[in-house]
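Here, each number is a calculation from the coordinates, and none is a lab measurement. What you see is a predicted model; the values in this text were computed from it and never measured. Positions of Cβ are backbone-derived with ideal geometry, glycine not excepted, and every protein chain shown enters the neighbour counts.
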Amino acid sequence: PFVTIDGEDSKDFDDAVWSECDKKKTKIMIAIADVSFYVEKGDLIDIEAKKRGNSFYFPNKVIPMLPEELSNNLCSLVPKKKRKSVVLEIDLDDGKVKKFKFYRAVIKSIARLTYQEAENIFLEKNKNSKLFSIILNLFNTFKILQENSKKRNKISFNPDEYIIQTNNEKNINLTKKKKLESYKLIEEFMVLANSIVGHYLKSNNIKSVFRNHEKPPSEKTKILKEIISQYKLNHSGLFNSQHDFNKIIEILKENKISFLNDILLRSQSRAFYGTENKGHFGLSLDYYVHFTSPIRRYSDLLVHRDLVDSYFFKKKNSRIEFTDHLNTQEKKADSIERTIFDVASSYHLKKFRNYEFRGFIDSVENFGVFIKAINFPFSGLARYNKTFSSKYKLGQIVKFKIKKINNRNGKILLFKVKKLADDAKK
């Protein structure tokens, strides 16, 4: 009895999950839509999907990588319908992966749950619900996977995320996304699948597309150490290990300055696709691929083909896929998403015109400083002038007001910047 757990607005269901968990032994099944069955290498749909690289998501619509008949119907693991999948079966013993096996299978999901619905079933402990035992098993398995992540020192970034809510241009709100355990549950299941597939491909010398994330560059960790030293926190780490990052995240939480997590996040290298495996620093994994979202990412479709060819047909592939285009398309999608968010944020902020915000110095330039608001999802520029000069440091907490908002591009100008310490003295 597989179930899908996704966002409320989701229409393309890439993954369905099931698990059974007792004292020491755990069995997991992760079913991923078998897009490679429908989209063959070199056909017209494949050529167009490769060009797009990924789906592009907007607040009111999606530009899908694949035609909607595939992405929302034939490939999508919709409930009560037979769907072709690549299923990964994993046996854990005392939390460790003992064995795994792949199937090309036909599955039928018994329910399409939102994250909130899955969370509610688990929290309410409603034993009359036919889904309760399935959800309970999934959450029990999640706790085991989460413990494994902690043991290997996966970096536990937990930034605030915001959702755009809109009826029309004049009524735009940004609301903080709830931090549900069910999000993390699906994340842990998908990370497990991606790492096992990466390990299988690498150990069998299969050429494929790996998802790499390298250590932060030294120039970024140097800036990070300078910011941390301003706050006189008990942390002497060099930020060249996952442990150093997890330690400072805990310290920031204890000192109630978790907003500096944004600076920790920005100190990271950008993850990228490459034909050479370099491991994933943030997840603390030696092998990693993107395998779990073939409906919306072309990289995952490539990995599916490589896995299917080698595992089921015993073919040794000779091709090396070009990954620069995939990295470019991903950056494009991120940039579009960020711009839309900035514009939405600028409309949302109209109602805070005379509000005095708190924020921290995010970037220091020769023409001014960029300030990231605390408890609000925006950044803005304060230009230097006669009363405001370059005496500010990165990470410093300040008060400020909004001077001007450009709703066309989401750019925000700030003024009346004051150091919080100076303000307190007055």
Legend entry - Among (1) 1.18; (2) 1.07; (3) 1.79, the entry derived from the coordinates for Cα Rg over 2.2 N^0.38 Å: (2)
Inset, instruction - Give a residue-ordered list of calculated ³J(HN,Hα) values for segment 76-87 (Karplus: 6.51 cos²θ - 1.76 cosθ + 1.60, θ = phi - 60°; whole Hz; x for Gly, Pro). - result: 6, 7, 6, x, 6, 10, 6, 9, 6, 9, 9, 10
Legend entry - Glu68 versus Asn354: modelled label distance in nm, points set 7 Å from Cα along the beta carbon direction: 4.7
Legend entry - Sequence-distant lysines (8 or more away, or on other chains) whose Cα lies within less than 25 Å of Lys315: Lys41, Lys50, Lys84, Lys99, Lys101, Lys202, Lys207, Lys278
Legend entry - Label point at Asn158 placed 7 Å out along Cα→Cβ; residues across segment 260-286 whose backbone nitrogen lies under 14 Å: 261
Inset, instruction - Would you calculate the separation in nanometres between label points at Ser241 and Ile47, each defined as 7 Å from the Cα along the Cα-to-beta-carbon direction? - result: 5.3
Inset, instruction - Report the one residue of Ala49, Val39, Met29 whose Cα lies farthest in the direction of the positive end of the charge dipole of segment 19-58 (charges on C-beta: Lys and Arg +1, Asp and Glu -1; origin at the Cα centre). - result: Met29
Legend entry - Efficiency of FRET between Lys101 and Glu147 - r from beta-carbon atoms, R0 30 angstrom, step 0.05: 0.80
Inset, instruction - In whole angstrom, note down how far apart the Cα centers of segment 308-326 and segment 148-168 are. - result: 32
Inset, instruction - Pairs of Cα atoms under 8 Å, at least six residues apart: use those to get the relative contact order of segment 52-105, whole percent. - result: 21
Legend entry - Candidates Val398, Val86, Val209: whichever shows maximal mean-square fluctuation once the chain is modelled as a Gaussian network with Cα springs under 10 Å: Val398
Inset, instruction - Using the Cα centre as the reference, give the magnitude of the dipole from point charges on the C-beta atoms of the chain (Lys, Arg: +1; Asp, Glu: -1; all else neutral), rounded to the nearest 20 debye. - result: 1320
Inset, instruction - Starting from the Cα gyration tensor of segment 311-396, take the square roots of the eigenvalues, sort them a ≥ b ≥ c, and report rounded, prolate or oblate (rounded when a/c is under 1.5, otherwise prolate if a/b is larger than b/c, else oblate). - result: prolate
Inset, instruction - For segment 15-55 and segment 201-223, compute the distance between their C-alpha centroids and round to whole Å. - result: 23
Legend entry - Phi to ³J(HN,Hα) by Karplus 6.51 cos²θ - 1.76 cosθ + 1.60 over segment 10-20, Hz, x for Gly, Pro: 5, 10, 10, 9, 6, 10, 10, 10, 7, 7, 9
Inset, instruction - Please tell me the relative contact order of the chain in percent, rounded to the nearest whole number, where contacts are Cα pairs under 8 Å and at least six residues apart. - result: 15
Legend entry - Mean-position separation - Cα centroids, segment 106-127 and segment 169-190, in angstrom: 17
Legend entry - With at most 12 other Cβ atoms within 10 Å, longest stretch of the chain clear of loop chymotrypsin sites (Phe, Trp or Tyr not before Pro) (DSSP): 1-311
Legend entry - Label point distance in nm, Tyr57-Asn205, each placed 7 Å from Cα along Cα→Cβ: 3.9
Legend entry - Cα convex hull of segment 1-84, projected area averaged across orientations, nm²: 7.2
Inset, instruction - Mind giving me the FRET efficiency for Leu123 and Glu20? R0 is 25 Å, r the Cβ-Cβ distance, nearest 0.05 is fine. - result: 0.75
Inset, instruction - Check each of the trypsin sites (Lys or Arg not before Pro) in segment 174-208 and keep only those in coil by DSSP with at most 14 other C-beta atoms within 10 angstrom; list them in order. - result: Lys177, Lys178, Lys179
Inset, instruction - Please work out whether segment 129-177 counts as rounded, prolate or oblate from its C-alpha gyration tensor, where a ≥ b ≥ c are the square roots of the eigenvalues and a/c under 1.5 means rounded, while otherwise a/b larger than b/c means prolate and anything else oblate? - result: oblate
Inset, instruction - Select from segment 122-225 those GluC sites (Glu not before Pro) which occupy a DSSP coil region and have at most 14 other Cβ atoms within 10 Å, ordered by residue number. - result: Glu161, Glu169
Inset, instruction - Compute the label zone of Arg270 within segment 204-236: residues whose backbone N is under 18 Å from the point 7 Å along Cα-to-Cβ. - result: 210-221
Legend entry - Of the trypsin sites (Lys or Arg not before Pro) in segment 1-95, those whose Cβ has at most 15 other Cβ within 10 Å and which sit in DSSP loop: Lys11, Lys23, Lys24, Lys41, Lys61, Lys80, Lys81
Legend entry - Kirkwood Rh, Cα atoms: Rg over Rh of segment 181-322: 1.07
Inset, instruction - Find how much the distance from Lys178 to Glu40 grows on full extension, using 0.36 nm per residue of separation minus their present alpha carbon separation; answer in nm with one decimal. - result: 45.8 nm
Inset, instruction - Would you mind checking the pairs Lys256/Lys386; Lys11/Lys332; Lys27/Lys125; Lys253/Lys401 and listing those with alpha carbons more than 31 angstrom apart? - result: Lys256/Lys386
